[in-house]
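Enquirer: Below is a structure I'd like to ask you about.
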Amino acid sequence: MRNLITLGAEEELQIVDEHSLELATHDFERGQSDFPDRNGSSSCELHKAVVELQTPICHTPDQIVASVSDMREIIRLRAQAQGQRILSAGVHPFSNWKEQEINKDFDKHQHYIRLVDEYADIMRSLVSYGFHVHLGLPKGIPPMAIFNSLRNSLAPVLAISLSSPFYEGRDTGMQSWRHSMLDRLPRMGTPDIWQTEEAYFEHIQLLRKVGTLEAQHGMWEDLRLHHRYHTLEVRICDATPSLEHIWLITALLQCEVATLVQDYQRGRLPKPLSRACLEENKWRVRRRGLGASLIDWHSEVPVSLHEYFDQWLVRLTPAAEELDLLKGLHEKVAALFIHGASADIQRGIFKRSENYQTLVQHLIHQTEEAQFAPTPYLQ
């Protein structure tokens, strides 16, 4: 089984002015020309205050973190050359979306222009930042069988990444305000259960035929079967400054998919939960974060998120041992519940300082100076 589940990741970074610390217009083409990509790639997005980095195909969470770290440094240098800084979080704590420039060059950005034409202010106001993980399956494994059961793990994965409690200068009361923004769009949120890969892509083709989707584009849900790469793409996570949390998200997903593959081969895949049940647990995480209780829909009782992770690690132990990830998983889950997710840390910073600039400076430091200590592998 070792490393049969390939990995890839995308992180959307915020570009802010080095003085005002507000979101800033970044010249992506100039930056890419002056500081070429290294150990990954990058692209612009709809808003000019966003740069997305992409890792190459990787085999371990350590490789994902190394690529993210290398590409963050490249993008930091680009930003610095333009009087800007970078940070990673689900939304900016105080910038106003109405002041953000978008890419309007029709020859280069037709897709973005069409999105704004279709979704109007919903799309213009969607200045949000995510972290996506791609998981490649072994040959011969039907992707929708794994897809349907992987849906069950989306809410606890989101809990690790939570990083958007403040928006436009106020505490939203949420741990992830980003999802309150995303959910205004169609084809978002928890995906349905699909019987086959063919049925999934037939639906996408139908949406293209009737003009709902552009050619070569797919749906935007929290998990999708990618329309070009045929990877399972987990899209639920907020962008997070912590490389430790990025490692943990990636490692848990790799072990979960490896376990589901083995479950499939043994004829004992977990029953996929309904969209309604999964949305209930997602809401609990969005609102309460690591303090949430998830509903165990089999016993019909709430389970603390801490207890859920304890049980999850027991289930993942065989795969984690074979992938040399078990020690790191235990250490990083323990650290997560001691120190909190980024949303918890942000609220602590703001409670002490009552200053949004101080909070953004903290996020810049956490992103630009992020450190990661690989856990020695078990032998």
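Enquirer: Do the sum for the chain: with -39,500 (n - 2.57) for every DSSP H run of n ≥ 4, divided by all residues, what is the mean residue ellipticity at 222 nm, to the nearest 500 deg cm²/dmol? Mind showing how you got there, number by number?
Expert: Values: 13 runs with 171 residues, N = 379.
Result for the chain: -14500 deg cm²/dmol, rounded to the nearest 500.
Enquirer: Using DSSP, restrict attention to beta bridges with both residues in the chain and report what percent are antiparallel, rounded to the nearest 5.
Expert: Bridges in the chain that DSSP calls antiparallel: roughly 95 percent.
Enquirer: Using a 1.4 Å probe on the protein heavy atoms, what percent of the accessible area of the chain belongs to carbon and sulfur? Please report the intermediate quantities before stating the final value.
Expert: Details: 7910 of 16070 Å².
Looking at the chain in its full context, I get 49 percent from C and S.
Enquirer: Okay, next question. Along Cα→Cβ, 7 Å out, is where each label goes; now give me the distance between the ones at Gln262 and Lys327 in nm to one decimal.
Expert: 2.0 nm
Enquirer: Please report the relative contact order for the chain, taking Cα pairs under 8 Å with a sequence separation of at least 6, and give it as a percent rounded to a whole number. Spell out each step's value before the answer.
Expert: Details: 693 pairs, mean separation 79.1, N = 379.
The value is 21 percent.
Enquirer: Still on this structure: Relative contact order of the stretch 55-172: what whole-number percent is it, with Cα pairs under 8 angstrom and at least 6 residues apart? Write down the numbers at each step before the final one.
Expert: Working: 69 pairs, mean separation 42.1, N = 118.
Relative contact order here is 36 percent.
Enquirer: Can you pull the one-decimal nm distance between simple spin-label points at Lys271 and Trp283, each 7 Å off the Cα toward Cβ?
Expert: About 2.2 nm separates the two model spin labels.
Enquirer: Please give the Cα centre distance for the stretch 1-76 versus the stretch 283-298, rounded to the nearest Å.
Expert: Cα centroid of the stretch 1-76 versus Cα centroid of the stretch 283-298: 30 Å apart.
Enquirer: When the Cα centres of the stretch 219-268 and the stretch 114-185 are compared, how far apart do they sit, in Å?
Expert: About 13 Å separates the Cα centre of the stretch 219-268 from the one of the stretch 114-185.
Enquirer: Let me ask another. Report the dimensions of the chain along its three principal axes from the alpha-carbon atoms, largest first, rounded to Å.
Expert: That works out to 56, 51, 38 Å along the principal axes.
Enquirer: Something else: At 7 Å along the Cα-to-beta-carbon direction for both Gln371 and Ile122, put a label point, then send me their distance in nm to one decimal.
Expert: About 4.5 nm separates the two model spin labels.
Enquirer: From the cross-link list Lys48/Lys108; Lys48/Lys104; Lys139/Lys332, which pairs have alpha carbons spaced over 22 Å apart? Before the final figure, lay out each step's value.
Expert: Values: Lys48/Lys108 13 Å; Lys48/Lys104 10 Å; Lys139/Lys332 31 Å.
With Cα atoms farther than 22 Å apart: Lys139/Lys332.
Enquirer: Okay, moving on. Taking a virtual spin label 7 Å from the Cα of Lys351 along the C-beta vector, which residues in the stretch 147-185 bring their backbone nitrogen under 16 Å of it?
Expert: In the stretch 147-185, the label zone of Lys351 (backbone N under 16 Å from the point 7 Å along Cα→Cβ) covers 165-166, 171-175.
Enquirer: Quote the FRET efficiency, to the nearest 0.05, computed for Thr358 versus Ser20 with a Förster distance R0 of 22 Å and r equal to the Cβ-Cβ distance. All intermediate terms of the calculation are to be shown ahead of the outcome.
Expert: Working: r = 14 Å, r/R0 = 0.62.
Calculated value: 0.95.
Enquirer: Say we join alpha carbon atoms closer than 10 Å with springs in a Gaussian network model of the chain; which of Leu137, Leu158, Leu115 then has the biggest fluctuation?
Expert: Leu115
Enquirer: Additional query: State the extension gain, in nm to one decimal, for the chain segment bounded by Val314 and Glu300, taking 0.36 nm per residue of separation less the distance between their alpha-carbons. Before the final figure, lay out each step's value.
Expert: Values: separation 14, 0.36 × 14 = 5.04 nm, distance 2.06 nm.
Full-extension gain reported as 3.0 nm.
Enquirer: Taking the solvent-accessible surface of protein heavy atoms with a 1.4 Å probe, what is the per residue accessible area of the stretch 237-379 in Å²?
Expert: 48 Å²
Enquirer: How would Arg288, Arg352, Arg85 rank on accessible area, largest to smallest, probe 1.4 Å? Spell out each step's value before the answer.
Expert: Working: Arg288 140, Arg352 180, Arg85 85 Å².
Ranked list, largest accessible area first: Arg352, Arg288, Arg85.
Enquirer: When ligands, DNA and RNA are left out and all protein chains stay put, how many square angstrom of accessible area per residue does the stretch 69-227 have with a 1.4 Å probe?
Expert: Details: 6120 Å² over 159 residues.
Normalised by residue count, the accessible surface of the stretch 69-227 is 38 Å².
The values are calculated or read from the model by the stated rules, or taken from the named source; none is laboratory data. Quantities reported herein were computed from a predicted structural model and do not represent experimental measurements. With ideal geometry, Cβ positions are generated from the backbone for all residues, glycine too; neighbour counts draw on all protein chains shown. What goes into the accessible areas is simple: the full protein's heavy atoms, side chains included, and nothing from ligands, DNA or RNA. Shrake-Rupley method; radii C 1.70, N 1.55, O 1.52, S 1.80 Å.
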